[in-house]
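Reviewing the structure listed below.
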Amino acid sequence: MNCPDTVKAQLNVSRETLVRLETLADLLVKWNPRINLVSKSTIRDLWSRHILDSVQILRLAPAKATHWVDIGSGGGFPGLVIALMCDEPEAPGNVTLIESDMRKCAFLRTVLRETGVHSTVITERIEKAVPQNADVLSARALADLSMLLGFSERHLKETGTAVFPKGARWQKELQTAQESWSFDCEVVKSITDPEAVILKIGDLTRVGPHSP
């Protein structure tokens, strides 16, 4: 599934990276009818809706992180895309993908094998996985912000940054999360959805009771 020229300009990646991303797109289209990696209705807009959306997350995070951890990786967005960006100047040193669904993990490993990219895939529930001490933590379409911050407390190092894309209800989620957590938050407008934002979160501390 070739990248449309309009999206290619926005991606602004090397030819080698583009080939890897096209391999991801081809494999996702092949696997999706069996595993439902992404909503069928978004396949035609795969490059902008999922791949470009993931690339912008990398470019908003601190560059050249030592360890990037993506939780609830699913079909690979954003974590697998970030792993495939390994030759780009801002790429992290190591990428770990945590996903509890064995079939989705099989897809993630297949794409990594077909593209020759090294990344760690952990088949485990996020709350059960060994704490990762990540420099950057990402998650997309996984849970509300309060739950994501609980996962961050487990897997993000004290000086790390969490990067979470959020939809139109992001302000409500932010307000609710602030009842139980103290954190710095930078809000960045998404380039792929006028109602969406990316939240860059750091200096995270729990101030409320532990969630049940």
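Quick one: is Trp68 assigned to a helix (DSSP H, G or I) and at pLDDT 95 or above? So Trp68 does not fit the description; no. Restricting attention to the range 8-48, which residues are of a type in the set (Val, Ile, Thr), more than 18 Å from Arg103 (Cα to Cα), modelled with pLDDT of 95 or more and assigned to a helix (DSSP H, G or I)? Correct list: Thr17, Val19, Thr23. Please determine, by comparing only the residues of the range 61-83 that are of a type outside the set (Gly, Ala, Ser) and over 12 Å from the mean Cα position of the chain (by Cα), which one is nearest to Gly167 (Cα to Cα). Filtering the range 61-83 for residues that are of a type outside the set (Gly, Ala, Ser) and over 12 Å from the mean Cα position of the chain (by Cα), the one nearest to Gly167 (Cα to Cα) comes out as Pro62.
Can we say His155 is of a type outside the set (Asp, Glu), out of contact with any Ser or Thr (no Cβ under 8 Å at 6 or more places or on another chain) and farther than 14 Å from Val69 by Cβ? Break it down stepwise before answering.
Working: of a type outside the set (Asp, Glu): yes; out of contact with any Ser or Thr (no Cβ under 8 Å at 6 or more places or on another chain): yes; farther than 14 Å from Val69 by Cβ: no.
Taking the combined requirement at face value, the residue does not satisfy it.
Looking across the range 82-124, the residues that are surrounded by fewer than 18 Cβ atoms within 10 Å (Cβ to Cβ) and in contact with a strand residue (DSSP E or B) (Cβ under 8 Å, 6 or more places away or on another chain) come down to Gly93, Asn94, Arg109, Thr120, Glu124. Taken over the range 152-169, the criterion of being surrounded by 19 or more Cβ atoms within 10 Å (Cβ to Cβ) and not small (Gly, Ala, Ser) is satisfied by His155, Leu156, Thr161, Val163, Phe164, Pro165, Lys166.
Can you report the number of residues in the range 83-110 which are of a type outside the set (Gly, Ala, Ser), part of a loop (DSSP other than H, G, I, E, B) and closer than 21 Å to Gln56 by Cβ? Working first, answer last.
Within the range 83-110, the subset of a type outside the set (Gly, Ala, Ser) is 84-90, 92, 94-99, 101-105, 107-110.
Filter once more, so that each one left must be part of a loop (DSSP other than H, G, I, E, B): 85-90, 92, 99, 101.
Next cut, closer than 21 Å to Gln56 by Cβ only: 85-90, 92.
Residues that pass the stated criteria total 7.
Does Arg113 meet the test of being touching a residue at least 12 places away in the same chain (Cβ under 8 Å), out of contact with any Pro (no Cβ under 9 Å at 6 or more places or on another chain) and in a helix (DSSP H, G or I)? Against the criterion (touching a residue at least 12 places away in the same chain (Cβ under 8 Å), out of contact with any Pro (no Cβ under 9 Å at 6 or more places or on another chain) and in a helix (DSSP H, G or I)), Arg113 does not qualify.
Being in contact (Cβ under 8 Å) with a residue 24 or more places away in the chain and not in a loop (DSSP other than H, G, I, E, B) is the requirement here; does Ile57 meet it?
Working: in contact (Cβ under 8 Å) with a residue 24 or more places away in the chain: yes; not in a loop (DSSP other than H, G, I, E, B): yes.
So Ile57 passes the test.
Contact map, the range 117-129: first residue without any contact (Cβ under 8 Å) to a residue 12 or more places away in the chain, second residue part of a loop (DSSP other than H, G, I, E, B) and surrounded by fewer than 19 Cβ atoms within 10 Å (Cβ to Cβ), Cβ cut-off under 9 Å, separation 6 or more or different chains; pairs are Lys128/Ser100.
The values are calculated or read from the model by the stated rules, or taken from the named source; none is laboratory data. Here the structure is a predicted model, which is why all the values come from computation and not from measurement. Glycine also receives a Cβ, built like all others from the backbone with ideal geometry; neighbour counts cover every protein chain displayed.
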